[in-house]
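Enquirer: Could you have a look at this structure, given as structure tokens, before my questions?
The values are calculated or read from the model by the stated rules, or taken from the named source; none is laboratory data. None of the values given here were measured: they were computed from a predicted structure. Every residue, glycine as well, gets a Cβ built from its backbone with ideal geometry; the counts of neighbours run over all protein chains shown. To get the accessible areas, we keep the full protein, side chains included, count just its heavy atoms, and leave off ligands, DNA and RNA. Shrake-Rupley method; radii C 1.70, N 1.55, O 1.52, S 1.80 Å.
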Amino acid sequence: MDSDAFERKAKRFRREVLDMAYNRGHGHIGGAFSIIETLLTLYDEVMTPEDKFILSKGHACLPYYLILKEKGFNPIISGHPERDPENGIHVTTGSLGHGLPMGLGMAFGKKLRRSKGKVYVLMSDAECQEGTTWESALIASHNNLDNLVIIVDNNDLQTLGKTSDILSLGELGKKFEAFGCDVLSIDGHSFKELVWAFGRETKGKPKVIVANTVKGKGVTYMENVPKWHTMMPDEIEYKIAQKELE
Ligand SMILES: Cc1ncc(C[n+]2csc(CCOP(=O)(O)OP(=O)(O)O)c2C)c(N)n1
Ligand SMILES: [Mg+2]
């Protein structure tokens, strides 16, 4: 896909996520908008049928359902993804801090069985405040799991404010490096940078892509504003957002 087509598709996805959330009366728009480009790159350009994907930040599931539907699956639309392997959802997520340990186990299993394919785990910056993240990184690098790719949606916002104010992650990339991972830090809204980062081979080490993103990306009044983590727009706000995403 060329960059223009990709950007058009990203905009359409944001529009559809907005509509889904508005019509349902709930959803997590901010954190969904920050992962649109990562999801589209993975599903349209990177993953093969042998690969597995886990959305560890399960609350941001609306665009996940959309891309699964586009790929021919029929997931149950809910507030968080529930395990349904036939429809492309390999694990239940929503309780933060568990997607990476489960992905680690899946990647380890693939290595032991010598089976092909990678495991991609898309997690949030606030999940990096949880101990399970660092235990998993340690185990993955000790076991040379170069079939595990961790993408951190580094939007520097959690529910009530900035991650860097509430419990700072410091130099996140350097921390993952110290745990034995190969780290790439990119603009998580750039198709070009995402394709580059996913394409880079990391022999013998798990790969971590720190995708620097903007929570609420695409709707000016939502960008970097904590309340759009769960807040629903009213009718006027909805129309403004629709217009910006036309
Ligand atoms: C174990 C656990 N604790 C608390 C919550 C409630 N919760 C939902 S989202 C969220 C944090 C949102 O910040 P982040 O994880 O960075 O997600 P994003 O910015 O990508 O939306 C929290 C605390 C949860 N889902 N799981
Ligand atoms: Mg966040």
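Enquirer: Working from the pairwise distances between different alpha carbons, so that the mean of 1/r is found and then inverted, what is the stretch 167-232's Kirkwood radius in Å? Walk me through the intermediate numbers first.
Expert: On the way: mean 1/r = 0.0728 Å⁻¹.
Kirkwood hydrodynamic radius for the stretch 167-232: 13.7 Å.
Enquirer: Cα gyration tensor of the stretch 30-99, axes a ≥ b ≥ c as square roots of the eigenvalues: rounded (a/c below 1.5), prolate (a/b > b/c) or oblate?
Expert: Details: a/c = 1.38, a/b = 1.14, b/c = 1.21.
Rounded.
Enquirer: HIS142 accessible area, nearest 10 Å², 1.4 Å probe?
Expert: Result for HIS142: roughly 140 Å² accessible.
Enquirer: OK, next. Contact order normalised by length for the stretch 1-64, with contacts defined as Cα pairs under 8 Å and 6 or more residues apart; what percent is it?
Expert: Working: 36 pairs, mean separation 27.3, N = 64.
Rounded, it is 43 percent for the stretch 1-64.
Enquirer: So between PHE73 and LEU138, what do we pick up on full extension, going 0.36 nm a residue minus the alpha carbon distance?
Expert: Details: separation 65, 0.36 × 65 = 23.40 nm, distance 3.41 nm.
Result for the pair: 20.0 nm of gain on full extension.
Enquirer: Where in the stretch 43-81 does the label zone of ARG113 land, with the point 7 angstrom along Cα→C-beta and an amide N cut-off under 17 Å?
Expert: Under 17 Å, as judged by backbone N against the label point of ARG113, lie 48-54 of the stretch 43-81.
Enquirer: Using the Karplus curve 6.51 cos²θ - 1.76 cosθ + 1.60 with θ = phi - 60°, work out ³J(HN,Hα) for each residue of the stretch 217-222 in order, rounded to whole Hz, and write x for Gly and Pro.
Expert: 3, x, 10, 3, 6, 8
Enquirer: State log₁₀ I(q)/I(0) for the stretch 110-246 at q = 0.09, 0.18 Å⁻¹ as given by the Debye formula over alpha-carbon point scatterers of equal weight, solvent excluded.
Expert: Relative scattering, expressed as log10 I(q)/I(0), comes to -0.33, -1.01.
Enquirer: While we're looking at this one, here's another question. Taking θ as phi - 60°, what are the ³J(HN,Hα) couplings along the stretch 142-150 by the Karplus curve (6.51, -1.76, 1.60), each to the nearest whole Hz, with x for Gly and Pro?
Expert: 4, 9, 6, 7, 7, 9, 10, 10, 9
Enquirer: GLU16 versus GLU50, label points 7 Å from Cα toward the beta carbon: distance in nm?
Expert: Distance between the two pseudo-spin positions: 2.9 nm.
Enquirer: Still on this structure, I have one more. Summarise the accessible area of the stretch 3-244 (1.4 Å probe, protein heavy atoms) by the percent that is carbon and sulfur. Before the final figure, lay out each step's value.
Expert: Working: 5610 of 10840 Å².
For the stretch 3-244, the apolar C and S fraction of the accessible surface comes to 52 percent.
Enquirer: Okay, next question. For the pairs LYS52/LYS205; LYS9/LYS175; LYS175/LYS215; LYS9/LYS71; LYS57/LYS110; LYS9/LYS217, note any where the Cα-Cα span goes beyond 26 Å.
Expert: LYS9/LYS175
Enquirer: What is the pair-distance distribution P(r) of the stretch 65-170, computed from all Cα-Cα distances in 10 Å bins starting at 0, with each bin given as a whole percent?
Expert: All Cα pairs considered, the percentages come to 14, 39, 35, 13, 1.
Enquirer: Any idea what the alpha-carbon Rg over 2.2 N^0.38 Å comes to for the chain? Let's see the in-between values first.
Expert: Values: Rg = 17.0 Å, N = 246, 2.2 N^0.38 = 17.8 Å.
After normalising by residue count via 2.2 N^0.38 Å, the value is 0.95.
Enquirer: Could I ask something else about it? With the cut-off at 15 Å, report for the stretch 1-70 the share of all Cα pairs above it, as a whole percent.
Expert: Working: 1234 of 2415 pairs.
The answer is 51 percent, as a whole percent.
Enquirer: Tilt of helix 235-244 relative to the longest C-alpha principal axis of the chain, in degrees (0 to 90, nearest 10)?
Expert: Rounded to the nearest ten degrees, it is 60.
Enquirer: For a paramagnetic label modelled at 7 Å from the Cα of ASP2 toward its Cβ, which residues of the stretch 187-201 fall within the zone defined by backbone nitrogen distances under 17 Å?
Expert: Inside the label zone: 191-192.
Enquirer: Just grab the label-to-label distance for ILE166 and GLN242, each label 7 Å out from Cα along the Cβ direction, in nm (one decimal).
Expert: Taking the two extended label points, one gets 3.2 nm.
Enquirer: Something else about it: Using a 1.4 angstrom probe, figure out how much accessible area the chain has per residue, in square angstrom, rounded to the nearest whole. The partial results should precede the final answer.
Expert: Details: 11160 Å² over 246 residues.
With all protein chains present, the chain gives 45 Å² per residue.
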